[in-house]
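A short write-up of the structure that comes next.
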Amino acid sequence: MEALLESYQITQILKYRYPFLLIDKVTGYIPGKELTAVKAVSMGEPYFAGHFPDFPIMPGVLITEALAQASSLMLALDDLEWKKGGPLPLTERPIIGVLGNVQINFLKSVLPGCLLQLEVSIDWRKGPACSIHVKASAEGSVCAKGKVTVMFIDKNKLSV
């Protein structure tokens, strides 16, 4: 599986760091349309200590977060007008956050040792808001699928 972007490159675009960066590499990207990425689920992940010690399962909220991060990454790459194999422009960009509409169905548990395949594709885009179809698969089976709505946010307009 060829990597278009490795984790160190992803951290240049998304401002997440371990243990909260939930994308290890980007394996496919069609500008303005879709992105595929991979998360290697390891027993060393901190959440497995408590979810659940006798039968570790990746929490659904973290699968949702991984899909949201893949969605944000796709929009950021589109915003940067990045082309496969091209350099990453290091410019300041708006924050991309979940707008509030998350509709995910969980179909199968994700266990340590799985390679979680994340697939996201644009449903619609209007101004700074975008609805995205999302799907997570492991071992060839769909684990979660649905939609998320994300939006570009000007961090200077956020109230603290």
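The values are calculated or read from the model by the stated rules, or taken from the named source; none is laboratory data. Keep in mind it's a predicted model, so treat the numbers as computed, not measured. Ideal geometry is used to build each Cβ from the backbone, glycine not excepted, and the neighbour counts take in all protein chains shown. SASA here: full protein model, heavy atoms, side chains in, ligands and nucleic acids out. Shrake-Rupley method; radii C 1.70, N 1.55, O 1.52, S 1.80 Å.
Looking only at the range 96-116, residues that are over 22 Å from residue 14 (Cα atoms) and not in a loop (DSSP other than H, G, I, E, B) come to 4 in all. Given the condition closer than 18 Å to residue 73 by Cβ, open to solvent by 40 Å² or more (accessible area, probe 1.4 Å) and assigned to a strand (DSSP E or B), answer yes or no: does some residue in the range 140-151 qualify? Scanning the range 140-151, I find at least one residue that is closer than 18 Å to residue 73 by Cβ, open to solvent by 40 Å² or more (accessible area, probe 1.4 Å) and assigned to a strand (DSSP E or B), so the answer is yes. Restricting 80, 73 to those that are surrounded by 13 or more Cβ atoms within 10 Å (Cβ to Cβ) and under 18 Å from residue 146 (Cα atoms) reduces the list to 73.
Among the residues of the range 24-56, write down those that are under 12 Å from residue 77 (Cβ atoms) and either in a helix (DSSP H, G or I) or of a type outside the set (D, E, K, R) (or both). Result: 26, 28, 29, 30, 31, 32, 35, 37. Against the test of being hydroxyl-bearing (Ser, Thr, Tyr), modelled with pLDDT of 90 or more and more than 23 Å from residue 51 (Cα to Cα), the options 109, 71, 137 yield a single qualifying residue, 71. The residues of the range 10-23 that are outside any loop (DSSP other than H, G, I, E, B) and open to solvent by 40 Å² or more (accessible area, probe 1.4 Å) amount to a single one, 12. For the range 83-118, residues that are open to solvent by 60 Å² or more (accessible area, probe 1.4 Å) and within 23 Å of residue 28 (Cα to Cα) total 10.
Mind checking which residues of the range 24-56 are touching a residue at least 40 places away in the same chain (Cβ under 8 Å), over 17 Å from residue 115 (Cα atoms) and open to solvent by 30 Å² or more (accessible area, probe 1.4 Å)? Of everything in the range 24-56, those that are touching a residue at least 40 places away in the same chain (Cβ under 8 Å), over 17 Å from residue 115 (Cα atoms) and open to solvent by 30 Å² or more (accessible area, probe 1.4 Å) turn out to be 31, 32, 33, 34. Any residue at all in the range 93-116 that's in contact with an Asp or Glu (Cβ under 7 Å, 6 or more places away or on another chain) and among the aliphatic types (A, V, I, L, M)? The answer is no, given that none of the residues of the range 93-116 is in contact with an Asp or Glu (Cβ under 7 Å, 6 or more places away or on another chain) and among the aliphatic types (A, V, I, L, M).
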